[in-house]
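Below: one structure, written as structure tokens.
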Amino acid sequence: MTAAADYLQEKLGAFSPRYGIVLGSGLGALVEAVAEPIRIPYRDIPDFPVSSVSGHAGELVAGKLGDEPVVMLSGRVHYYERGDANAMRVPLETLKRIGVESLIVTNSAGSLREDMPPGSVMRIADHIAFSGSNPLIGVESDNRFVGMTNAYDAALSERMEEAADRLSIPLWRGVYMWFSGPSFETPAEIRMARIVGADAVGMSTVPEVILARFFGLRVAAASVITNFGAGMTGAELSHEETKEMAPLGGERLAAILREMIASEG
Ligand code: HPA
């Protein structure tokens, strides 16, 4: 695993990012905002996983947002690709090793709230892991017992909200529920998710947040809403719809994150 960190350190030289950002599909707008980008395909980085999902780029982008050096993971590997909740372990551990302190995780998600339509952006305030899996299964030390009470960092979350306020972009706040996918939920599962207190559903992020906390990274996360949950409208769900709708909220979320990070100082 140190091979990946060694490779990046050689490529990036003295560049030392404090922020890492995991970009879900449709969030390319944030990559465009990076000044002097260095783009490195995952396939060139030792031990990095390559996603098989259309719409997921699979490259690491290092550069600056304002004066702040950042590194972005543009594209992720999902649990449902191989049934491996640990799929993002090497990229996240590598970020930690090259000096990242704070991780911002983004995704696209289905809304469970009638008043939060597609195009909305929701800060993830907490989550429900519903896949039955966990990336730390198999870790053989007491470090595996990671506390999740403060998984989403209060200070980072506040900065995200302040950035949204400054830009007058509405930012929802809610609970994200992780389903394994890759099939979408049934209407009955969506009714259940609403009853147990979720505001959005999706197929990613939660294992990454658990891994990030395991590695001692501070975490904030946000969803762009691409659709209402199954059964909330008459429509069938599709990956095409997710890809088509993600850029709408994606532009808003990119603006918020840029404001949040570039205004740091
Ligand atoms: N369910 C699960 N994952 C998703 C959805 C959804 O409705 N929309 C985008 N990702």
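The values are calculated or read from the model by the stated rules, or taken from the named source; none is laboratory data. These numbers were taken from a predicted model, which means no experiment stands behind them. So basically every Cβ, Gly included, is an ideal-geometry build from the backbone, and we count neighbours across all protein chains shown. Keep in mind that these areas ignore ligands, DNA and RNA; they rest on the heavy atoms of the full protein, side chains included. Shrake-Rupley method; radii C 1.70, N 1.55, O 1.52, S 1.80 Å.
Among the candidates 174, 202, which residue alone is open to solvent by less than 10 Å² (accessible area, probe 1.4 Å), within 16 Å of the ligand (Cβ to nearest atom) and over 25 Å from residue 53 (Cα atoms)? Show your work before the answer.
Details: 202 fails: over 25 Å from residue 53 (Cα atoms).
Just one listed residue meets the conditions, 174.
Filtering segment 139-159 down to residues that are farther than 28 Å from residue 261 by Cα and without any contact (Cβ under 8 Å) to a residue 40 or more places away in the chain, which residue is most open to solvent (accessible area, probe 1.4 Å)?
Filtering segment 139-159 for residues farther than 28 Å from residue 261 by Cα gives 139-145.
Pick out the ones that are also without any contact (Cβ under 8 Å) to a residue 40 or more places away in the chain and you get 140-142, 145.
On the way: 140: 168, 141: 40, 142: 120, 145: 150 Å².
Among residues in segment 139-159 that are farther than 28 Å from residue 261 by Cα and without any contact (Cβ under 8 Å) to a residue 40 or more places away in the chain, the one most open to solvent (accessible area, probe 1.4 Å) is 140.
Do we have residue 224 as in contact with a Ser or Thr (Cβ under 6 Å, 6 or more places away or on another chain), open to solvent by less than 40 Å² (accessible area, probe 1.4 Å) and of a type in the set (A, V, I, L, M) here?
yes
Mind checking whether some residue in segment 110-117 is open to solvent by less than 50 Å² (accessible area, probe 1.4 Å), modelled with pLDDT of 95 or more and either among the acidic types (Asp, Glu) or within 19 Å of residue 256 (Cβ to Cβ) (or both)?
Yes, there is a match, as at least one residue in segment 110-117 is open to solvent by less than 50 Å² (accessible area, probe 1.4 Å), modelled with pLDDT of 95 or more and either among the acidic types (Asp, Glu) or within 19 Å of residue 256 (Cβ to Cβ) (or both).
One line per residue, one yes/no per condition, for (1) at pLDDT 95 or above; (2) open to solvent by less than 50 Å² (accessible area, probe 1.4 Å); (3) over 16 Å from the mean Cα position of the chain (by Cα):
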| position | (1), (2), (3) |
| --- | --- |
| 161 | yes, yes, yes |
| 164 | yes, yes, yes |
| 178 | yes, yes, no |
| 182 | yes, no, yes |
| 188 | yes, no, yes |
| 210 | yes, yes, no |
| 230 | yes, yes, yes |
| 235 | no, no, yes |
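Select from segment 190-207 the residues that are under 15 Å from the mean Cα position of the chain (by Cα) and either small (Gly, Ala, Ser) or within 14 Å of residue 109 (Cβ to Cβ) (or both) and list them in ascending order.
If the condition is that a residue be under 15 Å from the mean Cα position of the chain (by Cα) and either small (Gly, Ala, Ser) or within 14 Å of residue 109 (Cβ to Cβ) (or both), then 200, 201, 202, 203, 204, 205, 206 are the ones that fit.
Consider only pairs whose beta carbons are under 6 Å apart and that are at least six residues apart or on different chains; among these, list those whose first residue lies in segment 56-81 and is in a loop (DSSP other than H, G, I, E, B) and whose second residue is β-branched (Val, Ile, Thr).
58/50; 76/22
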